Amino acid sequence: MSCRRHNRSGSESVASRRVNQDLPVIARFEVRHRNYLAPDGSIQRPLPSFASDSKLLTELYRSMVLLRLFDRKAVALQRTGRLGTYAVSLGQEAVSVGIASAMRKEDVLLPSYRDNGALLWRGVKLEEILLFWGGDERGNRFSGPVHDFPFCVPVGSQAPHAAGVAYALKLRKQPRVAVCLFGDGATSKGDVYEAMNFAGVHRLPLVFVVANNQWAISVPLRQQTACETLAQKAIAAGFIGEQVDGGDVVAIRAASEEAIAAARDGNGPRFIEAVTYRLGDHTTSDDAARYRPAEEVQAHWKEEPIARLRAYLVAQKMWSKADEEQLAAECHARVEAAAERYLATAPRRPETMFDHLYADLPAAYAAQRRELAGEHDA
Ligand SMILES: Cc1ncc(C[n+]2csc(CCOP(=O)(O)OP(=O)(O)O)c2C)c(N)n1
Ligand SMILES: [Mg+2]
């Protein structure tokens, strides 16, 4: 099989370590790996039923292409001093797009800073994303569902929030699910373990998704965990963890559908490890060439999700060269128009930075606010 299962290469598996064979085994666990489309777009195993829905598959494809083009524009804006730090999704577009496509509007998304694909699928506008990364909090008052959470920049802190959200959904007996996205680095944070443990104990309607892109800035996965998979971390919290080929949007969508449906039906949380690769720099403030070899990056280009889905769609006659050209033109026009709207948005006055932190602004801050407002008027 040509798909890349993720077992940490060179590491000794826990099962193979020396154990006392005389002792009885009291529990066994397993972690499954899901993959339908090989990197060349060929079919690995019978596809889930939604894969015959050409409208859905082309919609997933369109969203990933739009995201990639949008990322390119955002980086160009940053490089020319018109945007702040920005994190691209290059190589891992299938993860956030695939999971969001399996959510209902009433479900609650708790994204990290690299999940623009999910936000876009849920109705957030391109210019709202640019506003946020341009330093304007109005970008967080976005056109997606109002109950969705804003970008979470502190690593892993969205996980306890997600547990709280899911607890509330359960308490209110609402058939809704919280979906919490984070990276492999976040799995080293206590926040994530605490949230998973709490979710397991209370059987919360919560799906955790880790985009395991192999790197947390310059820290490689092998320094992040001694585990063979990240999916198995769910086992210690008492629920199912599954590993999915993160370059295969069909697999992400299928795993998400199952996990979200199970959570909605009262079967408690699930954990999905999407094995992917960060083809770009960590953010625009990073130069990944300083800590990882070009050959490693090059090898992972063969597995990226957009070419993979395109190969499948073309083979199934669901997509043509003309479709591709039309999509490229459409995406270009959308991204350029959004950038223009963003650049035409008048910045907020600097003193507004004080406006949404406190119901009653403490005196010290009130004085600073007045000072700043005065300076601004002067
Ligand atoms: C609590 C916290 N510690 C450190 C940082 C600095 N930081 C930003 S991103 C990052 C790496 C996160 O890696 P990972 O969770 O794998 O997500 P990825 O960026 O790869 O998507 C770090 C350490 C932070 N934002 N928050
Ligand atoms: Mg990472």
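None of the figures in this text is laboratory data; all of them are computed from the coordinates on show. In this text, all values refer to a predicted model and were calculated from it rather than measured experimentally. All Cβ positions, glycine included, derive from the backbone under ideal geometry; neighbour counts span all protein chains shown.
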Leading residue at positive end of dipole, the chain (Cβ point charges), from ALA231, SER218, GLN44: GLN44
Honestly region 150-280 on the Cα gyration tensor test (a ≥ b ≥ c root eigenvalues; a/c under 1.5 rounded, otherwise a/b vs b/c for prolate or oblate) is just prolate
Loop-resident sites, region 166-235, for trypsin sites (Lys or Arg not before Pro), counting at most 13 other Cβ within 10 Å (DSSP): ARG172, LYS173
Which Cα, out of ALA299, MET318, PHE354, lies furthest along the positive dipole direction of region 264-375 (beta carbon charges, K/R +1, D/E -1)? MET318
What is the gain in length, in nm to one decimal, between ASN20 and VAL314 on full extension, counting 0.36 nm per residue of separation less the C-alpha to C-alpha distance? 100.5 nm
Measuring from label point to label point, each 7 Å out along Cα→Cβ, what is the THR352 to ARG222 span in nm? 4.9 nm
Of all DSSP beta bridges with both partners in the chain, the antiparallel percent, nearest 5, is 10 percent
Nearest-20 debye value, the chain charge dipole, Cβ charges on Lys, Arg, Asp, Glu: 700 debye
Beta carbons within 10 angstrom, averaged per residue: use that to sort the peptides 246-254, 335-343, highest first. 246-254, 335-343
List residues of region 51-81, by number, whose backbone nitrogen lies under 18 Å from a label position 7 Å along Cα→C-beta of ALA261. 51-54, 56-57
Reach of LYS321 by Cα under 19 Å, taken over aspartates and glutamates that are not fewer than 8 positions away in the same chain: ASP40, GLU59, GLU330
By the scheme Lys and Arg +1, Asp and Glu -1, what is the net charge of all other residues having a beta-carbon under 12 Å from that of THR283? -2
Chain lengthening between GLN326 and SER285 when straightened (0.36 nm per residue, less Cα-Cα): 11.4 nm
